[in-house]
1. Given 0.36 nm per residue, what is the gain on full extension from Leu194 to Ser151 after removing their alpha carbon distance, in nm?
2. Give the lysines whose C-alpha is closer than 18 Å to that of Lys102, dropping any in the same chain fewer than 8 places away, or say none.
3. If each residue of separation counts as 0.36 nm, what is the full-extension length gain between Ser130 and Asp57 once their alpha-carbon separation is subtracted?
4. Return the sequence-ordered ³J(HN,Hα) values of segment 218-235 in whole Hz as given by the Karplus equation 6.51 cos²θ - 1.76 cosθ + 1.60 applied to θ = phi - 60°, using x for Gly and Pro.
5. Of all beta bridges DSSP finds with both residues in the chain, what is the antiparallel percent, to the nearest 5?
6. So what's the net charge close to Ala172: Lys and Arg +1, Asp and Glu -1, counting the other residues with Cβ under 10 Å from its Cβ?
7. In vacuo Debye scattering of segment 53-97, one point per C-alpha: log10 I(q)/I(0) at q = 0.16 Å⁻¹?
8. Find out how many positive minus negative residues lie around Gln96, taking Lys and Arg as positive, Asp and Glu as negative, among other residues whose Cβ is under 11 Å from that of Gln96.
Amino acid sequence: MASPAVQRRRPAFAAALAALAITAGMAAAPAQAVDKEKYIALGDSYAAGQGAGPYLDSCYRSDNAYSELADVDKTVQLVVNAACSGKTTWDVVNTQLRQLNKSTELVTITAGGNNLGFGQIITSCGAALSDPAAAPACDAATSAAAAMIGSGQLTRDVISMIQSVKAAAPNARIVVTGYPYLYDPVAPNPADPLSLFINQATLLADGLDASIAAAAAATGAQYVDVRTAFAGHGVNSADPWINLDLANPASPDNFHPNAAGYQAYFAALSSSGVYSAP
């Protein structure tokens with residue numbers, strides 16, 4: 001029969017072995033993966049990543065898009081960037097919402113610029129700077145855009161899009177972004193046609209962003225303004241984050257963000273808490 005001292009040591013030894021086994025088991029157990037939000041990006045060329053190439057397809061999707069930067073940063077799980085160049089809010093509803101379902105937890109959207117005929121405004125008004133014959137087309141394009149903003153039609157279009165997204169992804173947080181100024185704002189000078197063009201572009205950008213912000217407020221979506229993030233980096237700045245190749249005025253990258261511009265989009269979304277767990 002063991003002595004009383006030995007008997008006392010046996011329970012203590014057994015307890016130590018048990019503690020060691022538990023510790024070893026904890027060390028061997030795999031770390032639990034962080035449950036990331038399932039994220040889908042929708043919208044037009046500014047959501048696709050156009051301007052920052054190289055491109056993955058005819059939609060001008062790029063690995064430099066802000067949604068792809070979020071996925072690389074590992075703050076969310078990007079299921080797909082469904083955005084495509086040239087799309088309006090109606091196109092988003094008709095062609096991109098099939099990507100959404102009840103498991104979608106985060107949706108970001110940049111759309112609305114093409115509702116205003118963004119491409120036509122840039123083409124006609126850019127031509128008017130050097131060719132007075134193009135001025136009537138520029139005036140018509142900008143007047144139509146201003147009317148859509150002033151009447152509230154653009155706001156209603158964005159509201160309709162957000163409501164459709166909510167129906168397709170009822171459990172998702174929905175975030176809509178604004179657009180940056182293409183040119184850093186300048187004081188209009190009647191003797192300087194370029195300053196008048198820049199002022200007109202600034203007013204349209206303000207109206208576009210105000211319409212998107214109003215739609216977000218009306219639907220409970222989050223709105224992220226990116227104008228401050230791009231401040232000092234328009235095409236007329238020393239360090240542009242918006243493309244403009246004067247040697248190739250037909251370049252599809254013109255008046256779209258470059259890689260630094262999409263970093264600015266990502267930074268604006270991140271600082272607004274979009275890519276953080278709610």
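1. Answer, rounded to one decimal: 12.7 nm.
2. Lys36, Lys38, Lys166
3. Length gained between Ser130 and Asp57: 22.9 nm.
4. 6, 10, x, 7, 8, 10, 10, 8, 10, 4, 5, 4, 9, 4, x, 10, x, 5
5. Bridges in the chain are about 10 percent antiparallel.
6. Result for the neighbourhood of Ala172: +2.
7. Each listed q corresponds, in turn, to -0.47.
8. 0
Where a number appears in this text, it was derived from the coordinates with a stated rule and is not lab data. This is a predicted model, so every value here is computed, not measured. Every residue, glycine as well, gets a Cβ built from its backbone with ideal geometry; the counts of neighbours run over all protein chains shown.
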